[in-house]
Amino acid sequence: MNAFFHIDQARRLDAADPLGHFRRAFHVPVWKGEEVIYLTGNSLGLQPVGVSEAIAQELHDWKTLGVEGHFHAKNPWMPYHEFLTDSLARLAGAKGTEVVAMGSLTANLHFAMASFYRPTPERRAILCEAKAFPSDRYALVSQLAFHGYPESDLIEVSGSGADGVPTDEDLIAAIQTHGPRVATMLVGGVNYFTGRVYDMARITAAARAQGIVVGWDLAHAMGNVPLSLHDWDVDFAAWCSYKYLNAGPGGTAGLFVHQRHHHADLPRLAGWWGHNKESRFKMGPGFDPIPSAEGWQVSNAPVLSMAAQRASLDLFDRMDLAQHRVKGLDLSRRCMEMLEALAEELNEPIRLLTPREDASRGCQVSVQFSARDRRFFDQLVERGVVADWREPGTIRMAFIPFYSSYEDLARLEQILRQTLSS
Ligand SMILES: *Cc1c(COP(=O)(O)O)cnc(C)c1O
């Protein structure tokens, strides 16, 4: 059988891969007796093997200690969120005081907007990318409405990227055009549909120079691409943990607030977990916010869900992030080359939606099979490929450096060739 990327070559690359051993730290689902080709780690990361034990520990402490577990559990629940802080700060490129594990992504965006969207009649627009993830758009339009402004105050920047998604230049041009009337910008740092990675440093600087408050949705960025939120001077950011962070369905999300805001007297939607830890249990009426990202917390920590995240972050702690980046880029580049070679060989029209340039790509590849419909995708699923299908004809695939292998890629080619030629 033909092959652009041979299985023997793939196995040699896997054997030489310094990150190859991480795959054994994850449960890979099995279909018809064989491990699936799991390409949806951008939707739900696989379960780290350590998760069961981490959750069992908390269940045990709850069973044997009851409420005393808040202080006497092996990992006391009272400060439980703090056990995640250092690992998250490393991934976000932030100081420990600037990140907090809390809540859920869309809720965190609302909490952040309560502080960072402070419209005035002259400067009241919110700027985002065209075709933003629907939840983000709903959140932003509802923020406008909450302040009494119409949907038309949402500036949705479209552009020349695939699917009409803006490029860096498109965003910067829009920032310059609309700057004085934009209060806050919120853009996905990595576009969920095309996999485009934005130059967050440059865009943040351009927006801040216009007096715009800058937020990033890092749902597809945390655990995927290098981040330096502190140095980039980002005002706020939020992410979920069930995608690239492998923390399990509905896992606890996260929030970044730059340290320059920690002592500012910003309005916020407060809750007791954001209150000064020394006096929280004096149960007084006045809110005294913790002068760090923790001050944006509302409720006490969801320990069982955070235990799963802790198990996953243990693996990130052991991961060389430079190697992580190199492998994600290598797998996604080889995938794009394989798709193009296959399309040419089989005379199959395809369109890559993901940018070629390394700087504008993470480990996701989005490809449109313009002549194919859902039946084609169902056949791939039947053959053990777990990927994501969006009309029209688009397949999104993520190559997760922790557990995706070169052999996955070679098997993917075989299955694609078989399916496309049948
Ligand atoms: C996955 C994703 C979400 C999901 O929001 P939840 O509040 O976690 O359900 C929101 N925004 C973006 C950009 C996403 O990729």
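Worth pointing out:
- Listed residues R137, R396 arranged by accessible area, highest first, probe 1.4 Å: R137, R396
- Summarising the label geometry, the points placed 7 Å from Cα in the beta-carbon direction at A209 and V67 lie 5.7 nm from one another.
- Rounded percent of accessible protein surface that carbon and sulfur make up, the chain, 1.4 Å probe: 54
- Counting only DSSP beta bridges with both residues in the chain, the antiparallel share comes to about 60 percent.
- Potential extension, E169-H60 segment - 0.36 nm per residue separation minus Cα distance: 33.9 nm
- Residue-level accessible surface for Y242, protein heavy atoms, 1.4 Å, Å²: 70
- A simple spin-label model places the labels of D288 and F4 6.3 nm from each other, with each point 7 Å out along Cα-to-Cβ.
- Normalised contact order of the range 54-318, rounded percent, pairs of Cα under 8 Å and 6 or more residues apart: 24
- Most to least packed among 252-259, 118-125, 388-395 [average Cβ atoms within 10 Å]: 252-259, 388-395, 118-125
- Considering only M113, N75, V214, and ranking their Cα positions along the charge dipole of the range 54-318 that arises from unit charges at the beta-carbon of Lys, Arg, Asp and Glu, the one farthest toward the positive end is N75.
- Modelled FRET efficiency - R0 45 Å, H147 with W31, Cβ distances, 0.05 increments: 0.40
- Solvent exposure, largest accessible area first (probe 1.4 Å, DNA, RNA and ligands not counted), of W272, W239: W272, W239
- Taking a straight line from the alpha carbon of K277, these lysines sit under 30 Å away, with near neighbours fewer than eight places off in the same chain left out: K63, K74, K95.
- Length-normalised contact order for the range 296-416 - Cα pairs under 8 Å, 6+ apart - percent: 24
- Principal axes of the chain: Cα extent on each, largest first, Å: 73, 60, 34
- FRET efficiency for the L321 to A264 pair, using the beta carbon distance and R₀ = 22 Å, is estimated at 0.10.
- Built amide H within the under 5 Å cut-off of A221, gap 5+: V190
- Förster radius 30 Å - calculated FRET efficiency between H21 and E337, Cβ distance, rounded to 0.05: 0.70
- Extending 7 Å from Cα along the Cβ direction at K277 and again at Q176 yields two label points whose distance is 4.6 nm.
The values are calculated or read from the model by the stated rules, or taken from the named source; none is laboratory data. Source: prediction; values computed, not measured. Cβ coordinates were reconstructed from backbone atoms using ideal geometry, including for glycine residues, and neighbour counts include every protein chain displayed. Surface accessibility is based on the protein's heavy atoms, side chains included, excluding ligands, DNA and RNA. Shrake-Rupley method; radii C 1.70, N 1.55, O 1.52, S 1.80 Å.
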